[in-house]
1. List pairs: first in segment 97-108 and farther than 14 Å from residue 86 by Cα, second surrounded by 13 or more Cβ atoms within 10 Å (Cβ to Cβ), Cβ under 6 Å, 6+ apart or cross-chain?
2. When you look at residue 39, is it under 16 Å from the mean Cα position of the chain (by Cα), at pLDDT below 90, surrounded by 13 or more Cβ atoms within 10 Å (Cβ to Cβ) and at negative phi, yes or no?
3. Look at segment 69-95 and say how many of its residues are out of contact with any strand residue (DSSP E or B) (no Cβ under 8 Å at 6 or more places or on another chain) and within 20 Å of residue 139 (Cα to Cα).
4. Residue 84 is checked against (1) at pLDDT 90 or above; (2) surrounded by fewer than 16 Cβ atoms within 10 Å (Cβ to Cβ); (3) in contact with a helix residue (DSSP H, G or I) (Cβ under 8 Å, 6 or more places away or on another chain) and fails just one. What number does that condition carry?
5. State all residues of segment 95-145 that are under 24 Å from residue 74 (Cα atoms) and loosely packed, with under 14 Cβ neighbours inside 10 Å; if no residue qualifies, say none.
6. Suppose the filter is without any contact (Cβ under 8 Å) to a residue 12 or more places away in the chain, over 20 Å from residue 132 (Cα atoms) and assigned to a helix (DSSP H, G or I); does residue 48 pass it?
């Protein structure tokens, strides 16, 4: 009887934790030079931020002179989110002075930016749509701060 309850509890716990781990799909291995919307600056920004110890995931999109970057941090670093956001923004300002940057560690902004980036890589949206979506996410980011 005891083994039966242990098995039931293990199955229940594993099914609950598996359902809560949503990870957005990132497009890897696509040649950025063949895209309709040039994303080279955003990829350079992603590479720079990925090198930071506190950051686990980064996603960025650029259009004209706007750069939208969202990132996620390690679990124990969440207590220092504001400090890490400032550090990321300062690092990016050194290399991307000409860009109007929006940097966020908010999960909603991360997911929305991932959606835009995936749509760009899958060529589902054009430049005007990218710009509109970026503006929407930037406004959302400003509302949450």
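1. So the pair list comes out as 99/67; 100/66.
2. Yes.
3. Adding up the residues that qualify gives 2.
4. Result: residue 84 fails condition (2) only.
5. Matches in segment 95-145: 107, 108, 142, 144, 145.
6. Answer is no for this residue.
The values are calculated or read from the model by the stated rules, or taken from the named source; none is laboratory data. Worth saying up front: this structure is predicted, and the values here are computed from it rather than measured. Positions of Cβ are generated from backbone atoms using ideal geometry, with glycine treated the same way; all protein chains shown enter the neighbour counts.
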